[in-house]
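Accompanying notes for the structure given below.
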Amino acid sequence: VSTARGHLLALFIDRPIPAGLSPEETIRLTHAQGGLVIAPHPFDASVDSLGCQIGQQAMRALPLDGIEVFNAGIFGPWRAANATAQRLAVSMGVAQLGSSDAHALCAVGSGRTLFRGARAADVYNAIRERAVSAEGEYLSYREHARQTIDMVRRMGMRAFTQAVMQGARPASVRSFGA
């Protein structure tokens, strides 16, 4: 969900949560449906991240169920954002999750959340009980280049160039074609 202050994942919900709401309202509506709220890529400055917009203190005040602490799609020098996310998750006592943030086939499965079980209910309970862990491998520079080439093919060079010229960074540009 694109909130007014950055992205949140609303998991295990039946009705969509509208975009553009405050993070607090997005979380309230998700929890009202029995869903879970995860802060993805919270300190990745190349995308619309909650932590970059509101800061760690404000994030601590949110009733999050988890934080993505390993994002395989974070590029090179911005990877320290994962360590910042992990420190925050530990200090808040919330579940620590991993993801591929895959926008190309080569990236699927490169980041993972480990839990016991195989069913959706198992994932739900593991996140609630903080019985999950994150692991993965970062995408190589070659894989990032492949994603960029795939984006240019999907979007066309003109749309890709316009997105970059409007200030989109590589990670956020890739979402235009996803």
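Scattering from the C-alpha atoms of the chain alone, worked out with Debye: what is log10 I(q)/I(0) at q = 0.18 1/Å? Values, matching the q order: -1.22. Just the number, please: carbon plus sulfur as a percent of the accessible area of segment 1-150, 1.4 Å probe, no ligands or DNA/RNA counted. Ligands and nucleic acids excluded, carbon and sulfur reach 54 percent. Full extension of the chain between R128 and A4 yields a length gain of 42.1 nm, computed as 0.36 nm times the residue separation minus the alpha carbon distance. Annotation: per residue accessible area for segment 1-71 equals 42 Å², rounded to a whole number [probe 1.4 Å, protein chains only]. Considering only beta bridges that DSSP places wholly inside the chain, some 55 percent are antiparallel.
May I ask you to give the solvent-accessible area per residue for segment 80-135, in square angstrom, as obtained with a 1.4 angstrom probe?
Numbers: 3010 Å² over 56 residues.
Solvent-accessible surface per residue comes out at 54 Å².
Derived scalar couplings between HN and Hα for segment 32-48 equal 4, 8, x, x, 10, 10, 10, 8, x, 5, x, 10, 7, 6, 8, 9, 7 Hz in order, rounded to whole Hz, by the Karplus curve 6.51 cos²θ - 1.76 cosθ + 1.60 (θ = phi - 60°), x for Gly and Pro. Under a 5 Å amide H cut-off, with hydrogens placed 1.01 Å from N, E68 pairs with A39, H41, L97 among residues at least 5 apart or on other chains. Label separation (A118 vs A45): 4.5 nm, computed from points 7 Å beyond Cα along the C-beta direction.
Rounded to the nearest 20 debye, the dipole size of the chain about its Cα centre is 280 debye, using +1 on the Cβ of Lys and Arg and -1 on the Cβ of Asp and Glu.
The values are calculated or read from the model by the stated rules, or taken from the named source; none is laboratory data. Values in this document were obtained by computation on a predicted structure and should not be read as measured data. Every residue, glycine as well, gets a Cβ built from its backbone with ideal geometry; the counts of neighbours run over all protein chains shown. For the accessible areas, the whole protein counts, side chains as well, though only heavy atoms, and no ligand, DNA or RNA atoms are used. Shrake-Rupley method; radii C 1.70, N 1.55, O 1.52, S 1.80 Å.
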